[in-house]
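Visitor: Attaching a single structure in structure tokens format; questions to follow.
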Amino acid sequence: MNFTNSARLNSKHVLLAIISILIFGCKEKENESIETAEEMAVLEPEVYEFGFKIDDFIVKRDTVRKGDSFGKILEQNRIGYPQIYEIVTAAKDSFDVTRLQIGKPYTILCSKDSLQTPRCFIYQPNLEEYTVVNFQDSIYAYSSRKPIKYVEKTVTGVINSSISVTLDEKGISPVLTNKLADNIYAWTIDFNRLQKGDRFKVIYTDKYIDDTIYAGVHDVKAAYFNHNSKPFYAFQFETDSEKHIIDYFDDEAKNLRRAFLKAPVQFSRISSRYNLKRRIAYYGYALRPHKGTDFAAAVGTPIMATASGVVTESRYSGGNGNYVKIRHNATYETQYLHMQKRKVKVGQFVKQGDVIGWVGMTGNTGGPHVCYRFWKNGRQVDPFREELPQAEPISDSLKVKYLAFIKPIKEQLDSVPFDEIEDEAPNENMITYNYN
Ligand SMILES: [Zn+2]
């Protein structure tokens, strides 16, 4: 019975694989993964892996070690050299045996008898992909992907000290914090200055390989932040389906990206704000206006250009120390002082987020920080009080589509209650869907 089943399944696979290779060439990947997913669903209690009913074999798992080769591995599993040569030759179009990498896992499926004859060699270059070299009857090889599943989840939280601490307490990957802080809200909320009591809700997707292997946070679909008692919505929206351009917009279709980043350094704190009326005790409380914003951070912390532009100054001066100035357009320039080291030269074009130097304490400064100066029409202003331009506003025709698109998502987001219980795990009651 066992034998019949396995024989039927195996011959079905051989046939499928041969047909697919003949007809589809490398597109065979997708078909195979759907096939596998369906089988998994229908024949649930039986365990399938790599498209094989794993119970039918003795499964030997190992990783490629230093000094290993495909031939050596097979030889250790009692396959003779003439057959190894035959396998390598027959499989060479689909599987280059010289590409085995040290540390990558492989699986050998052996016959379930006293001989334990190897039937298949499966190599996994990464978590998702695998290559099967099948030598049960005729020899052939193909690559495929494990079925991937995305599970939508929601999480809510209240800030006590920082968002990373709040999410960490809920056992959520720091990747989610990074996506929120660096991608979605980098321009609109300064995550270094979240207030105690700020609260958030996030709808995101987690990725799973083969139903079981957690492969991290995949994507953020929508988020809501209540920061300083103001709402900040973010919805993911594809503005160009051909080029796959995805951006985040708020509930009024405003782009969340701004022409300028909120801060030139990550995970810093503002040690001194722009203040024209600053008086300093050291100077006998004399008026010492501060026309910059100081971000305190450890020496060596990378300093980023807050917007794209051309470097107009990169030099050392007594008071400023090592500093860089960038012209962004006819209106705006930014300047970064007291660097330990500069990374860019005059005339160089830098993109928003590019590292232009490192935090130091050169020039006239008491501690390591970057003094960030924001110039508008040749005068220094406070960037936190400027209504800075949006990046790529949504077009009028797309706006209608966008508002219709986010309506149900916003309702979903709004209906998620804030949980007051600190240690609650994320809700997993949402939609589950399969991709290939
Ligand atoms: Zn300063």
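Visitor: Give region 111-133 a look and list any residue that's open to solvent by less than 30 Å² (accessible area, probe 1.4 Å) and either closer than 16 Å to Asp96 by Cα or of a type in the set (Ser, Thr, Tyr) (or both), or say none.
Guide: Within region 111-133, Ser111, Cys120, Phe121, Ile122, Tyr123, Gln124, Tyr130, Thr131, Val132, Val133 meet the criteria.
Visitor: Further question on the same structure: Considering every residue within region 313-322, establish whether at least one is within 30 Å of Glu238 (Cα to Cα), open to solvent by less than 30 Å² (accessible area, probe 1.4 Å) and either more than 12 Å from the ligand (Cβ to nearest atom) or touching a residue at least 40 places away in the same chain (Cβ under 8 Å) (or both).
Guide: No, region 313-322 has no match at all.
Visitor: Can you give me the number of residues within region 231-246 that are surrounded by fewer than 19 Cβ atoms within 10 Å (Cβ to Cβ) and at pLDDT 90 or above?
Guide: 2
Visitor: Also: List, please: which pairs have Cβ atoms under 8 Å, are six or more places apart or on different chains, and start with a residue in region 363-379 that is among the aliphatic types (A, V, I, L, M) and end with one that is in a strand (DSSP E or B)?
Guide: Val370/Asp294; Val370/Phe295; Val370/Ile303; Val370/Tyr336; Val370/Leu337; Val370/His338; Val370/Met339; Val370/Val359
Visitor: When you go through (1) away from the ligand (no atom under 16 Å from the Cβ); (2) buried (at least 17 other Cβ atoms within 10 Å of the Cβ) one by one for Met339, which number turns out not to apply?
Guide: Going through the list (1) away from the ligand (no atom under 16 Å from the Cβ); (2) buried (at least 17 other Cβ atoms within 10 Å of the Cβ), Met339 breaks only (1).
Visitor: Moving on. Check Asp294, Asp354 and return the single one that is acidic (Asp, Glu), within 16 Å of the ligand (Cβ to nearest atom) and within 30 Å of Ala223 (Cα to Cα).
Guide: Unique residue meeting the criteria: Asp294.
Visitor: Further question on the same structure: So if I check each of Ile84, Ile58, Ile102, which one is surrounded by 18 or more Cβ atoms within 10 Å (Cβ to Cβ) and modelled with pLDDT of 90 or more?
Guide: It is Ile84.
Visitor: Of the conditions (1) open to solvent by 30 Å² or more (accessible area, probe 1.4 Å); (2) part of a loop (DSSP other than H, G, I, E, B); (3) not polar (S, T, N, Q), Asp414 clears all except one; give me its number.
Guide: Result: Asp414 fails condition (2) only.
Residues are listed down the side, and each one gets a yes or a no for (1) under 22 Å from the mean Cα position of the chain (by Cα); (2) of a type outside the set (D, E, K, R); (3) at pLDDT 85 or above; (4) open to solvent by less than 50 Å² (accessible area, probe 1.4 Å):
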{"residue": "Phe191", "(1), (2), (3), (4)": "yes, yes, no, yes"}
{"residue": "Gln195", "(1), (2), (3), (4)": "no, yes, no, no"}
{"residue": "Lys201", "(1), (2), (3), (4)": "yes, no, yes, yes"}
{"residue": "Lys221", "(1), (2), (3), (4)": "yes, no, yes, no"}
{"residue": "Phe225", "(1), (2), (3), (4)": "yes, yes, yes, yes"}
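Visitor: What do you reckon, is Ala215 touching a strand residue (DSSP E or B) at 6+ places or on another chain (Cβ under 8 Å), more than 19 Å from Glu411 (Cα to Cα) and in a strand (DSSP E or B)?
Guide: In short, yes.
Visitor: If you go through region 229-249, how many residues are touching a residue at least 60 places away in the same chain (Cβ under 8 Å) and over 21 Å from the mean Cα position of the chain (by Cα)?
Guide: Count: 0.
Visitor: Looking only at region 345-390, which residues are modelled with pLDDT under 90 and in contact with a Phe, Trp or Tyr (Cβ under 6 Å, 6 or more places away or on another chain)?
Guide: Result: Pro383, Leu388.
Visitor: Suppose we filter Thr107, Thr131 for residues that are modelled with pLDDT of 90 or more and in contact with a Lys or Arg (Cβ under 8 Å, 6 or more places away or on another chain); which single one remains? Steps first, please.
Guide: On the way: Thr131 fails: in contact with a Lys or Arg (Cβ under 8 Å, 6 or more places away or on another chain).
It is Thr107.
Visitor: On to the next question. How about region 203-219: which of its residues are surrounded by 17 or more Cβ atoms within 10 Å (Cβ to Cβ), in contact with a Phe, Trp or Tyr (Cβ under 7 Å, 6 or more places away or on another chain) and within 13 Å of Ile184 (Cβ to Cβ)?
Guide: Of everything in region 203-219, just one residue is surrounded by 17 or more Cβ atoms within 10 Å (Cβ to Cβ), in contact with a Phe, Trp or Tyr (Cβ under 7 Å, 6 or more places away or on another chain) and within 13 Å of Ile184 (Cβ to Cβ), namely Val217.
Visitor: Quick one: would you say Lys325 is of a type in the set (Lys, Arg), away from the ligand (no atom under 13 Å from the Cβ) and not in a strand (DSSP E or B)?
Guide: Working: of a type in the set (Lys, Arg): yes; away from the ligand (no atom under 13 Å from the Cβ): yes; not in a strand (DSSP E or B): no.
In short, no.
Visitor: Considering region 380-411 alone, what residues qualify as being away from the ligand (no atom under 16 Å from the Cβ) and assigned to a strand (DSSP E or B)?
Guide: Passing the criteria: only Gln390.
Visitor: Name the single residue that is farthest from the ligand (Cβ to nearest atom) among those in region 254-287 being open to solvent by 90 Å² or more (accessible area, probe 1.4 Å) and under 20 Å from Pro368 (Cβ atoms).
Guide: Result: Phe267.
Visitor: For Val310, all conditions in the list (1) in contact with a His (Cβ under 9 Å, 6 or more places away or on another chain); (2) assigned to a strand (DSSP E or B); (3) within 16 Å of the ligand (Cβ to nearest atom) hold save one; what is the number of the exception?
Guide: The number of the failed condition is (3).
Visitor: If you go through region 354-385 one residue at a time, how many are within 31 Å of the chain's Cα centre (by Cα) and surrounded by fewer than 16 Cβ atoms within 10 Å (Cβ to Cβ)?
Guide: Summing the residues that are within 31 Å of the chain's Cα centre (by Cα) and surrounded by fewer than 16 Cβ atoms within 10 Å (Cβ to Cβ) in region 354-385 gives 2.
The values are calculated or read from the model by the stated rules, or taken from the named source; none is laboratory data. Note that the structure is predicted; figures quoted are calculated from it, not measured. Here the Cβ is made from the backbone with ideal geometry for all residues, glycine too, and neighbour counts use every protein chain on show. Please note that ligands, DNA and RNA were not included when accessible areas were found on the heavy atoms of the full protein model with its side chains. Shrake-Rupley method; radii C 1.70, N 1.55, O 1.52, S 1.80 Å.
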